[in-house]
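A.B. asks: Attaching a single structure in structure tokens format; questions to follow.
The values are calculated or read from the model by the stated rules, or taken from the named source; none is laboratory data. Source: prediction; values computed, not measured. Reconstructed Cβ throughout: ideal geometry from the backbone, glycine too, with neighbour counts over all protein chains shown. Only protein heavy atoms, including side chains, enter the accessible area calculation; ligands, DNA and RNA are left aside. Shrake-Rupley method; radii C 1.70, N 1.55, O 1.52, S 1.80 Å.
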Amino acid sequence: MCAAALEEYCGSIFWNTSYLDREDPDLPVCVEQTVLVWIPLGFLWLCAPMHLVSLCRRTQMSTKHLSKIYLCKQLVVSLLFLTAIATLAVTLGEDFGPIKDPPSTVKNPGVFYANPILYAVTWTLLMLCQEGVRRREGSVDSATLFVFWLLLVLCDIFPFQTLLREALKLGEISDVPRFCLFYISFGLELIALVLSAIPDIPRDAEEHVKKNPEAGAAFLSRITFNWFNSMVWKGYKQPLVQEDMWELNEIDSTSYINKRFQNILQSELAAARVRYQKNLKKKRDGNRDKAQEEACKAGLSSGLGKGVSQDVLMMEEKGNKKDEKKKKKDKKKEKEDYPNSWLITTIYKTFKWILIESAFFKLIQDLLTFASPQLLKLMISFTQDKDSYVWEGYLYAVLLLVVAIFQSLLLQQYFQRCFVLGMKVRTAIMATVYKKALVVSNEARKESTVGETVNLMSADAQRFNDVTNFIHLLWSCPLQIILSIVFLWLELGPSVLAGLAVMVLMAPINGLLATKARNIQIENMKFKDKRLKIMNEILNGIKILKLYAWEPSFQVQVEDIRGEELKVMRKFAYLSSVATFIFSCAPALVSLATFAVFVGVSNDNALTAEKAFTSISLFNILRFPLAMLPMLIAAMVQTTVSRKRLEKFLAGEDLDSDIVRHDPSFNSAISICDGSFAWEKEAEPMLKNVSLDIKPGRLVAVVGAVGSGKSSLMSALLGEMHSTKGFINIQGSLAFVPQQAWIQNATLRDNILFGSPHEERRFQEVIQACALAPDLELLPGGDLTEIGEKGINLSGGQKQRVSLARAAYSKADIYLLDDPLSAVDSHVGKHLFEKVIGPNGILKDKTRVLVTHGVSFLPYVDEIVVLVDGVISEVGSYNSLRANKRAFSEFLDTYAKEKSNHTDSESARCQDTTDVELIPEREDTQPDSPLEDAVSFTLKRESSIRRSQRNGSVRLRKNSTLKKSEDFGELKKGQKLIEKETMETGQVKFSVYLQYLRAMGWGYSVLVFVVYFIQNIAFIGQNLWLSDWTNDAVHYFNKTYPAWKRDTRVGVFGALGVAQGFFVFPWLLNNMLRVPMVFFDTTPIGRVVNRFAKDIFTVDEAIPLSFRSWLLCLLGVLGTLFVICLATPFFTIIIIPLALLYYFVQRFYVATSRQLRRLDSVSRSPIYSHFSETVSGLSVIRAYGHQERFLKHNEITIDGNLKSVYPWIVSNRWLAIRLEFLGNLVVFFAALFAVISRDSLDSGLVGLSISYALNVTQTLNWLVRMTSELETNIVAVERVSEYSELKNEAEWVTDTRPTEKWPEEGRLRFDNYKVRYRPELDLVLHGITCDIGSTEKIGIVGRTGAGKSSLTNCLFRIIEAAEGRILIDDLDISKIGLHDLRNRITIIPQDPVLFSGTLRMNLDPFDKFSDEDIWRVLELSHLKAYVSGLHEGLQHEVAEGGENLSVGQRQLLCLARALLRKSRILILDEATAAVDLETDNLIQNTIRKEFSQCTVLTIAHRLHSIMDSSRVMVLDAGKIVEFDSPSNLLEKQGHFYDMAKDAGIKSEDTSVL
């Protein structure tokens, strides 16, 4: 019916099959005039409204510049409009024009009027659309218009050839005007198509497009990622650096994502909290009833409970802790005790549009996947049926290509969206975690360490990133599985179920292996963590290990753990080889099962080529979702863990902002009204019933014994504690100097300015007042010197002064100073008090609260607050408190010998604590401080933060810390780091691969290759057998199929399949076992081993895997090409150009991608380090109120990382789309040649070659990935081997061994001794010559950087002499082994370093001494009471870095170590720096008593401690300037006299001592 109407409308036949049933098919003219016109126009009319909308909006855009391209586009459309009018005119002329010779009664049919009018209206509409596009904000072209032009040109190709063919057949043109007009308009349409593919970039956007080419990319360039070419080209020519990265799109930037995410998060979290409260209430009601029942029962037994002693309570507490651990394990059983299940919905609501878009792409792509097998089927039947027309074959070939191209484009768009979504989710989580960390309360902070919080940001956010990349597979996998099964059923009927059964059975086996493997991995992680922890400690305490010659004991520990680790890895190797075996047999077994059942069920079932190869390609489709689903589910499970952790952290309590009020009606600066403050809500208050009133402009000192609550008082004033009652009122802004200086990784100037504007005069004033001027001269870049993490290149005193300078510069109203004078030398302390804090300092008009131990400053303060056990015992001025004779005068009497001058010198000694950081604190501020400290430090950080991180950056950070100090002035940081790294790369040298193979053994490497090769041959053989089998169907057509033949077919097919698996298995196993050992053996353990955290992992696990995959991929690609050439020999011609193309794409990609990966690593670490820095300096940031600034900084750092992550994502898509096009060409040519030579081919081979080709795309893609991954990973080998060639320190034991008793007397002689830290640096000691007699007590003094510590380093040969020598008892120490030397002299180091392990191990790692000896030294070092009070006594576990002991206790333990060794020479490296007065006295007395028979060298910062020594050595700039007894030196009035004067020591003091 419809056709008849159309025929009348066209005036010709609409459809007739005879058109297609011939050698040269064509479409009827009527179809060309109707359907082919309506398709493109309909598309445009549908899309027009969205373009016209922007015309209706009243915007100022109309003034936008009219570009040339825009004018050209409009011109072309106007010309087209004219052609449409002309065509209409022709028709009108023909029908109503002047009458021709014979008047024609036949009028033109309707279509000749309708089409030109349709076109004319469309062209008008199109001009409006183009104007709409021009006005749209930020658009450079229009996708819909491009598609419209493309459709139009494609549809017009049919009439194009119809008209031509007709003209050629007749030899003349029948309808000249229409013929001409059609070709003119066709030409114009082509021009319009080209124009619509060119971006039209407005003038004002040109700059932006330079910085971000994506913004100026046209539709075609966007779908093929052509806009990325410039980056790839640049990366190919030279390694990319951070400066080459493009700007981010607005919607990808952290601030934009974070803003949206926060909005939704707030409402979701609020809702979750409400739900949580409801549940709690229900529970409580339930519990109340239970509790009442229990109370009745318990009433009987409560009588006994009254007399429980303290000890039992203690035990119970321990028991409870154990229970808690158990509870943690039973976590699954208990409900979460925080608002839960809101994170996922928040993520979904924030990013739902991207999700929906990508789902749409994925759906269409999935459906297209199933078109290829159907086309393959048609293709095979075409080759079998010799009567079918050739054009059908070409049509199928082209269709295969078109379907494949569509599939590629859709798939890449889908991936692009998913990966960007993953990136955004990670960003949102990181930003949110950071924001939360700034406001989190103390209880919530207690629950997780800094490391765990950093982990939330790194590991957990990354996990979400990885899952969101593949989230759509949740529905896409089942869909693919269902569709495959449906199509297979249509092919083979019920026998599909056999194959399916095999697959389904494989799944649980694989699942079982996977869980097994995961358990082994967890076990492995445990050992790895243990190994790293020990490594970490060794590196942190490397100096102590060397000084005490303890390396062997730790080496044994590490080797034991490594041994365990390898055992576990061996298990893992067995497992993974079994898994691989199963995996490589699977496809063969599946097809075997199916075909065997199919053929066996009835004799009529012949296996034809169409059936076999269609089903094989369907099985291939099926493999992917079946493999992915379990992996996806496992990933989801892991993410749930992350989700819980994140939800717990993000839903935690915020800090109460209303603890501290700011009520201006009070007349005092600080007032606390009857307040009690606790660290946690339920805890006992630390400060009880505190009332305090401080008037503006006063200087108030807070004193008290250690642990009396001085620091807690500060925290309370900052609002960091819970107030259980009372309140605090503070007027004005705060500045805070914490007890442990918090230094940022920034320049010195930035540390002091702390976000305030720079005013040179004020800055200089502060620098002078804080005594930083001399230090600035020593630092290489002055105040622009970059300070390493946690202030690594500053000494403790400098850090404290910088921290004080920060406060002094901040123009606050109230200054809270938590013992800032403790870490500095006495004369500096005095200077700081006078110039900054005291009555005449630069802060004299401000309110100052000073916590101090410095007795000498107390007379100058306005008011003193005395704390005893968290209670204020008295308040008043110095004199009134002295008169009271209460707690304060006791405090004074303990410490101050009545002489007031004396108190001065004591002043800065009384120190509560120094940095807990474990870096040996050097006073040498020169950057040439011993190399290992900087490295060990960097590495320590590395291992904790970057477990999650990819490509080797350990090397890089190492360089950064050391380089920084040398190259300050001229460089920007980022650049240097990266260039440094790149020198290693470019392409990895071939020799490295050879080295790797050599490590495995040559014969072995060849064997591997052969085995894989055979496996591949088995695979190809199996498929050729199949194609031969399918030809049987043709031979035995309509005959019965002999059973013997059937059985041999099935048998051989199966045998070949299993053979593949057998070949892989042994190889793999071997590979897994061989590789790691070789490398670890080449590595001296005492080496800075952290390089091995990541690299040994790579060598252990990653390289064997990527090497294997690479080989498999390579052989897979070669096998495919071989099969295609076997089927269609023509194909060999095409291979060479394709291979070249492939090679270029691959080279370009690998260069760029590798560098982007590296940049990602490099730019990732600042995010985490800034975060951990923030967490550790929270109280300071909050005190100054700088949260916003830090949030901003965090956004900038994350953006810096996204700038390299985003191009990396795009580079993968860029590569994939190019390789898929290559793969699609392979398919196309395989099909094309099959059509060309179809007469000589049998259908089985055609099926084989095309089904192979369909698979090649994936393999090609993988091959490039694997090559690049292998290159990246093999660098690890290069680095590991580089480490095994590092220069070692001298031998531990040499042939010349000293006598057992050496040194008997303990005489020391320095003989023109010179030393430098590294060959390229200046001397640190310039020719020291001196004699020290037996049992002399020598004090060594000098200003920071004079070389005091270097002197001890030389005695222990931590640094070797440049010239000169040191003799101990006339034996040259450079001649004996290091361990002999170091075992015979003892040092009490500056920083008390402890290792995790038992107390006993810390004192005596080699178990040389008996328990009695150990208890004896503990008694001498005043620790006996403490240790015997411990539950486990000597077996008490010390936490990492000794964090469960107080600083004083650690120092006493170090003393105990020295007492235990009891050698004749003792070196004291100013051990008193970190101890309060009591401990200090204990140590001094013990040393005097116990070491009276020894030679003692004391390196002093506090002159007071060496006034009783027999002689004093004064060092200055590496030379001895004075060396004599203290009294003589004071009389000489030289250097020593000046220092003593600063410290307030006069000559008569010496007699007092």
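A.B. asks: What distance in nm separates the two pseudo spin-label positions at R1488 and V871, each 7 Å out from Cα along the beta-carbon direction?
C.D. replies: Computed distance between label sites R1488 and V871 equals 3.6 nm.
A.B. asks: If I stretch the segment between V53 and E1291 completely, what's the gain in nm (0.36 nm per residue apart, minus their alpha carbon distance), one decimal?
C.D. replies: 437.4 nm
A.B. asks: How far apart, in nm, are two points set 7 Å out from the Cα along the Cα-to-Cβ line at N1528 and at D385?
C.D. replies: Distance between the two pseudo-spin positions: 11.8 nm.
A.B. asks: Report the gain in length on full extension from I1196 to N226: 0.36 nm times residue separation, minus Cα-Cα distance, nm rounded to one decimal.
C.D. replies: Net length gain for the segment: 346.4 nm.
A.B. asks: Over 25 Å between C-alpha atoms is what I'm after, so list which of K435/K1203; K546/K571; K1337/K1519; K424/K533; K281/K349; K533/K790 land there.
C.D. replies: Listed pairs above 25 Å: K546/K571; K424/K533; K281/K349.
A.B. asks: Trypsin sites (Lys or Arg not before Pro), restricted to region 1338-1392: which are DSSP loop and have at most 10 other Cβ atoms within 10 Å?
C.D. replies: Those that pass, being in a loop and sparsely packed, number zero.
A.B. asks: In addition: Sort out for me the Cα centre separation of region 819-889 from region 700-779, rounded to whole Å.
C.D. replies: 16
A.B. asks: Residues of region 1401-1538: accessible area per residue at 1.4 Å, in Å²?
C.D. replies: Computed with neighbouring chains in place, this is 39 Å² per residue.
A.B. asks: Here is a further query. Subtracting the Cα-Cα distance from 0.36 nm times the residue separation, let me have the gained length for L128 to S12 in nm, one decimal.
C.D. replies: Once the chain is fully extended between L128 and S12, it gains 38.3 nm.
A.B. asks: Set the Förster distance to 25 Å, then compute FRET efficiency between H208 and Q74 from the Cβ-Cβ distance, nearest 0.05.
C.D. replies: Using R0 = 25 Å, I get an efficiency of 0.50.
A.B. asks: Could you look at region 215-276 and say what percent of its accessible area is carbon and sulfur, using a 1.4 Å probe and all protein chains?
C.D. replies: Here it works out to 56 percent.
A.B. asks: For the pair K885 and E250, what calculated FRET efficiency results from E = 1/(1 + (r/R0)^6), where r is the Cβ-Cβ distance and R0 = 56 Å, to the nearest 0.05?
C.D. replies: Efficiency, rounded to the nearest 0.05: 0.20.
A.B. asks: Counting only residues 5 or more places away or on other chains, whose amide H sits under 5 Å from the amide H of M1513 once H atoms are built in the peptide plane?
C.D. replies: G1339, I1340, V1341
A.B. asks: Which order do the peptides 260-269, 1311-1320, 1201-1210 come out in when sorted by mean C-beta neighbours inside 10 angstrom, highest first?
C.D. replies: Going from most to least packed, we get 1201-1210, 260-269, 1311-1320.
A.B. asks: Name the trypsin sites (Lys or Arg not before Pro) in region 1-81 that are in a loop by DSSP and that have at most 13 other C-beta atoms within 10 Å, would you?
C.D. replies: R22, R57, R58
A.B. asks: Considering only protein heavy atoms and a probe of 1.4 Å, how much of the accessible area of region 505-567 is carbon and sulfur, as a whole percent?
C.D. replies: 65
A.B. asks: What's the center-to-center distance, using Cα atoms, between region 143-162 and region 550-605 in Å?
C.D. replies: Measuring centre to centre over Cα atoms gives 54 Å.
A.B. asks: I need the calculated FRET efficiency for the pair Y183 and A1439, taking r as the beta carbon distance and R₀ as 60 Å, to the nearest 0.05.
C.D. replies: 0.10
A.B. asks: Mean separation of Cα pairs under 8 Å and 6+ residues apart, divided by the residue count of region 1391-1456: what relative contact order is that in percent?
C.D. replies: 54
A.B. asks: What ranking, highest mean first, results for peptides 203-209, 747-753, 528-534 when packing means the other Cβ atoms within 10 Å averaged over each residue?
C.D. replies: The densest-packed peptide leads the list: 747-753, 528-534, 203-209.
A.B. asks: Something else now. Once you order the gyration tensor axes a ≥ b ≥ c over the Cα atoms, which shape class does region 628-745 get: rounded for a/c under 1.5, otherwise prolate or oblate by comparing a/b with b/c?
C.D. replies: prolate
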